[in-house]
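Trainee: Here it is, the structure, as structure tokens.
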Amino acid sequence: MTQKKIKIVYTIPNFDTAGSGKVVYDLVKNLDRTIFEPEICCFHERGAFMDEIKKLNVKVHLVPFAINYRPFFTFPFRLLKIIRFFKKQQFDIIHSWHWSSDFSEGLAAKIAGIPWIFTKKSMGWGNKAWKWRSSLSSKIITINSDMKSFFSKEILEKVEEIPLGVDTDYYSPQFKNSDEFLEEFTGNKNDFVIVSVVNLIPVKGIEVLINAFIELNNPNIKLYIVGNDQGAYAESLKKMANKTSTIYFLGKKTDVRPYHSIADLFVIPTLALGEGLPVAPLEAMASGKIVIGSNVCGVKDILKPFPKCLFEPNNVDCLKTSISTIMNMNYEERAQLAQEMRIRVENEYSMEQFIKMHTELYKNIIRRK
């Protein structure tokens with residue numbers, strides 16, 4: 001008799017940006033299809049990354065799986081539509097990647113009698129709705145060591161830390177650029193190249209990196225900033241960068257490996273609010289690159305074995321010192337540090353481990369139903 005597959009639906013508002021969307025993609029792509037039947041539910045199909053999702057050949061539901069509780073008098077009727085959808089599809093598990101404090105999805109799942117889990121992917125925790133989400137959940141996945149402090153003792157028993165994973169075959173020191181790319185970007189072989197792959201929003205602290213770069217005042221250093229460069233914040237950064245001709249805004253790239261390959265150093269200068277668990281530095285480390293970052297939630301987990309690679313957030317002088325320290329290393333020292341960082345990702349943040357931990361979690365939830 002063939003064992004019934006575990007039907008999991010991943011709920012996520014959209015695939016407009018590749019952050020959480022890429023993680024959902026990795027889960028759906030890598031789960032064992034002899035055990036699991038993954039599906040996706042989102043609000044709409046807009047977004048460049050949706051093209052990649054469609055290549056996975058899984059069912060994608062375009063359904064409003066979460067709703068605003070206002071106006072109160074219509075909330076039960078609107079919630080009933082979600083409950084009916086969940087029941088009709090006969091999901092075994094609902095895994096939410098909704099990043100907001102919405103609790104309607106969890107409430108609908110609870111009434112439908114379906115185990116509901118959510119991954120806490122950011123450090124935001126500002127209202128009672130998060131407590132309601134936690135109470136309604138069957139399991140809560142955290143992605144860094146600081147997130148457990150959010151939860152009460154009663155809730156902690158259903159919290160499990162599962163760090164995000166990186167494909168260490170895809171992100172690898174063996175990646176080679178085309179000759180045309182190398183000719184365009186490397187320039188003088190004696191240049192020291194700094195790269196930051198980042199979504200340009202204020203919490204990322206890119207202005208700190210730009211100021212540190214300008215104050216270093218070294219013509220042999222180049223800074224490449226890879227990421228969405230539209231909007232008021234991005235424009236303000238570009239104005240700051242006008243003070244030097246060696247800062248380059250390259251825009252969003254679907255494949256960042258070429259930029260890793262030309263980097264001598266990767267910098268993540270997040271401000272004090274912190275990160276959930278940033279994947280960009282993990283990808284750089286897997287690519288055999290040295291990473292330095294601000295000493296904040298998420299980043300400090302990644303760089304825990306490398307305390308000298310952490311600097312005080314929002315501190316230009318500390319960042320300048322960290323950059324100079326790496327620059328002053330000889331080739332052998334840099335190569336050794338880069339190798340150790342690659343091993344760190346292989347041991348603690350591999351895609352294999354990420355999938356294994358989710359697989360065990362899902363199986364345990366089904367056993368307890």
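The values are calculated or read from the model by the stated rules, or taken from the named source; none is laboratory data. All figures in this text were calculated on a predicted structure; none of them were measured in a lab. So basically every Cβ, Gly included, is an ideal-geometry build from the backbone, and we count neighbours across all protein chains shown. Protein only, heavy atoms only, side chains kept; ligands, DNA and RNA dropped before computing areas. Shrake-Rupley method; radii C 1.70, N 1.55, O 1.52, S 1.80 Å.
Trainee: Please give the number of the condition Lys369 fails out of (1) free of Cβ contacts under 8 Å to residues at least 24 places away in the same chain; (2) surrounded by fewer than 12 Cβ atoms within 10 Å (Cβ to Cβ).
Mentor: Going through (1) free of Cβ contacts under 8 Å to residues at least 24 places away in the same chain; (2) surrounded by fewer than 12 Cβ atoms within 10 Å (Cβ to Cβ) one by one, Lys369 breaks only (1).
Trainee: If you don't mind, there's one more thing I want to ask. Please name all residue pairs, on different chains or six or more residues apart, with Cβ atoms under 7 Å, provided the first residue is in the range 337-364 and is at negative phi and the second residue is in a strand (DSSP E or B) and open to solvent by 10 Å² or more (accessible area, probe 1.4 Å).
Mentor: Leu361/Lys139; Leu361/Glu160; Tyr362/Ile6
Trainee: Glu215 - would you say it is out of contact with any strand residue (DSSP E or B) (no Cβ under 6 Å at 6 or more places or on another chain) and over 24 Å from Ser294 (Cα atoms)? Steps first, please.
Mentor: Working: out of contact with any strand residue (DSSP E or B) (no Cβ under 6 Å at 6 or more places or on another chain): yes; over 24 Å from Ser294 (Cα atoms): no.
Answer is no for this residue.
Trainee: So which residues in the range 264-276 are modelled with pLDDT of 95 or more and open to solvent by less than 10 Å² (accessible area, probe 1.4 Å)?
Mentor: Residues of the range 264-276 that are modelled with pLDDT of 95 or more, as a first pass: 264-271.
Residues satisfying the conditions are Leu265, Phe266, Val267, Pro269, Thr270.
Trainee: Shifting gears a bit: Looking at Asn57 and the list (1) closer than 20 Å to Lys120 by Cβ; (2) modelled with pLDDT under 95, which single condition is not satisfied?
Mentor: Tallying (1) closer than 20 Å to Lys120 by Cβ; (2) modelled with pLDDT under 95, Asn57 fails exactly one: (1).
Trainee: On the basis of being in contact with a Pro (Cβ under 6 Å, 6 or more places away or on another chain), modelled with pLDDT under 90 and more than 18 Å from Thr325 (Cβ to Cβ), does Asn228 make the cut?
Mentor: Numbers: in contact with a Pro (Cβ under 6 Å, 6 or more places away or on another chain): no; modelled with pLDDT under 90: yes; more than 18 Å from Thr325 (Cβ to Cβ): yes.
Taking the combined requirement at face value, the residue does not satisfy it.
Trainee: Ok, one more. Can you tell me which condition Gly288 does not meet? The list is (1) assigned to a helix (DSSP H, G or I); (2) modelled with pLDDT of 95 or more; (3) of a type outside the set (Ser, Thr, Tyr), and all the others hold.
Mentor: Condition not satisfied by Gly288: (1).
Trainee: Under 6 Å between Cβ atoms, which residue pairs at least 6 apart in sequence (or on different chains) link something in the range 299-321 that is closer than 20 Å to Ser122 by Cα and touching a residue at least 40 places away in the same chain (Cβ under 8 Å) with a partner that is part of a helix (DSSP H, G or I) and of a type outside the set (A, V, I, L, M)?
Mentor: Ile302/Pro281
Trainee: Of all residues in the range 5-16, count the ones that are open to solvent by less than 10 Å² (accessible area, probe 1.4 Å) and charged (D, E, K, R).
Mentor: First pass over the range 5-16, keeping only residues open to solvent by less than 10 Å² (accessible area, probe 1.4 Å): 8-13, 15.
Checking the rest, the ones that are also charged (D, E, K, R) come to none.
The total comes to 0.
Quick grid of which residues meet (1) within 30 Å of Arg334 (Cα to Cα); (2) hydroxyl-bearing (Ser, Thr, Tyr); (3) in contact with a Ser or Thr (Cβ under 6 Å, 6 or more places away or on another chain):
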site: Ala129; (1), (2), (3): no, no, yes
site: Glu161; (1), (2), (3): no, no, yes
site: Gln174; (1), (2), (3): yes, no, no
site: Thr186; (1), (2), (3): yes, yes, no
site: Asp191; (1), (2), (3): yes, no, no
site: Val208; (1), (2), (3): yes, no, no
site: Asn211; (1), (2), (3): yes, no, no
site: Glu215; (1), (2), (3): yes, no, no
site: Pro219; (1), (2), (3): yes, no, no
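Trainee: Does any residue of the range 292-304 turn out to be in contact with an Asp or Glu (Cβ under 9 Å, 6 or more places away or on another chain), among the acidic types (Asp, Glu) and open to solvent by 30 Å² or more (accessible area, probe 1.4 Å)?
Mentor: No, there is no match, as no residue in the range 292-304 is in contact with an Asp or Glu (Cβ under 9 Å, 6 or more places away or on another chain), among the acidic types (Asp, Glu) and open to solvent by 30 Å² or more (accessible area, probe 1.4 Å).
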